[in-house]
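Just so you know, all these numbers are worked out from the coordinates, no wet-lab data involved. Since this is a predicted model, take the numbers as computed values, not measurements. Ideal geometry is used to build each Cβ from the backbone, glycine not excepted, and the neighbour counts take in all protein chains shown.
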Amino acid sequence: MKNDDTRSSGSAPVSGVGDGVSPSRTFPDVQPADDVFYSRRRLPHFEKPWSIYAVTIGTKSRGRLSPGARTVVLNALRHFHNKRYELFAACVMPDHVHFLIQPWPKENDGAGCVVFWPLRELLHSIKSFWAHEINKIENKQGAVWERERFDRYVRSDRDLQEKFHYILRNPWDSGVAGQNEGYPWVWIQGDEARDERSFRRDAETNARDARATQSSE
């Protein structure tokens with residue numbers, strides 16, 4: 001597969017991905033039954049506070065996402081990371097998207113209870129933005145995504161680890177990318193930390209070079 005020049009800043013190596021995930025803080029000992037919310041369209045959807053969800057969203061009629069569209073999808077997912085939710089991992093495939101997401105508190109209600117960002121609200125906003133931006137860059141109109149989504153909340157640390165590795169291995173295990181080939185539309189939190197370290201390192205190097213140039217003048 002030949003990658004487009006339009007790349008996101010997130011990527012993952014073929015081997016060793018996901019070694020640093022630490023899910024133990026994400027599973028409270030007690031999850032009261034009355035904290036579980038249920039909604040139904042064609043598929044049932046359950047929501048509960050502090051849960052991590054494994055989400056899959058497919059393109060309409062298995063339409064293929066261009067490299068530029070895949071970059072839009074990944075960057076939009078990252079936009080509200082550590083703001084409205086925590087994003088653990090994401091992979092944008094040619095005709096679907098996988099990601100692990102934990103909605104965060106949104107506000108307090110009239111009784112002083114914490115209200116979390118509803119997953120359905122987050123995903124509706126994300127899908128709408130994706131569709132608008134993709135249609136704009138590709139000069140198209142119409143639906144980009146299937147109306148229904150597939151999601152389930154992660155039930156254990158082992159469950160999280162399995163889904164985490166599945167998402168990060170998906171391009172190579174499915175044959176979309178060769179085993180020795182990079183795939184730029186895979187992201188984990190460590191990528192963001194590496195990007196930040198690289199930015200600081202480059203800034204420090206530039207500052208040293210500027211001082212050296214001034215000293216020699």
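Near the amide H of Trp117, under 5 Å away, which other amide H atoms are found, from residues 5 or more places off or on another chain, if H is placed in the peptide plane?
The answer is Trp104, Lys106.
Between Lys106 and Glu86, 0.36 nm times their residue separation minus their Cα-Cα distance comes to what?
Computed gain between Lys106 and Glu86 is 5.9 nm.
Can you tell me how much longer the chain between Glu121 and Asn139 gets when fully stretched, taken as 0.36 nm per residue apart minus their C-alpha distance, in nm with one decimal?
Roughly 3.8 nm would be gained on extension.
Which cross-chain or sequence-distant (5 or more) residues have an amide H under 5 Å from the amide H of Arg152, H modelled 1.01 Å from N in plane?
Here the answer is Ala54, since their amide H atoms fall under 5 Å of that of Arg152.
Using modelled amide H (1.01 Å from N, peptide plane; none on Pro or chain starts), what sits under 5 Å from the amide H of Met93, excluding residues fewer than 5 places away?
Here His98 satisfy the definition.
On full extension of the chain, what length is gained from Gln179 through Phe129, given 0.36 nm per residue of separation minus the C-alpha to C-alpha distance?
On the way: separation 50, 0.36 × 50 = 18.00 nm, distance 3.22 nm.
Result: 14.8 nm gained on full extension.
Run through region 57-147 and list the GluC sites (Glu not before Pro) located in a DSSP loop whose Cβ has at most 14 other Cβ atoms within 10 Å.
Answer by residue number: there is no such site.
Suppose R0 equals 30 Å. What FRET efficiency, 1/(1 + (r/R0)^6) with r the Cβ-Cβ distance, do Ser156 and Val114 give to the nearest 0.05?
E(calc), rounded to 0.05, equals 0.80.
So how far, in whole Å, is the C-alpha centre of region 165-180 from the one of region 99-143?
Taking the Cα centre of region 99-143 as reference, the centre of region 165-180 is 27 Å away.
Label 7 Å along Cα→Cβ of Tyr166; region 97-133 residues with amide nitrogen under 11 Å?
99
Give me the log10 of I(q) over I(0) for region 117-176 at q = 0.12, 0.18 Å⁻¹, as the Debye formula computes it from C-alpha points; what are the numbers?
-0.48, -0.91
What Rg and what Dmax come out for region 65-105 when only alpha-carbon atoms are used, in angstroms?
Answer for region 65-105, Rg first and Dmax second: 10.6, 34 Å.
Excluding Pro171 itself, calculate the net charge of residues whose Cβ lies under 13 Å from the Cβ of Pro171, where each Lys or Arg counts +1 and each Asp or Glu counts -1.
Value of the local net charge: -1.
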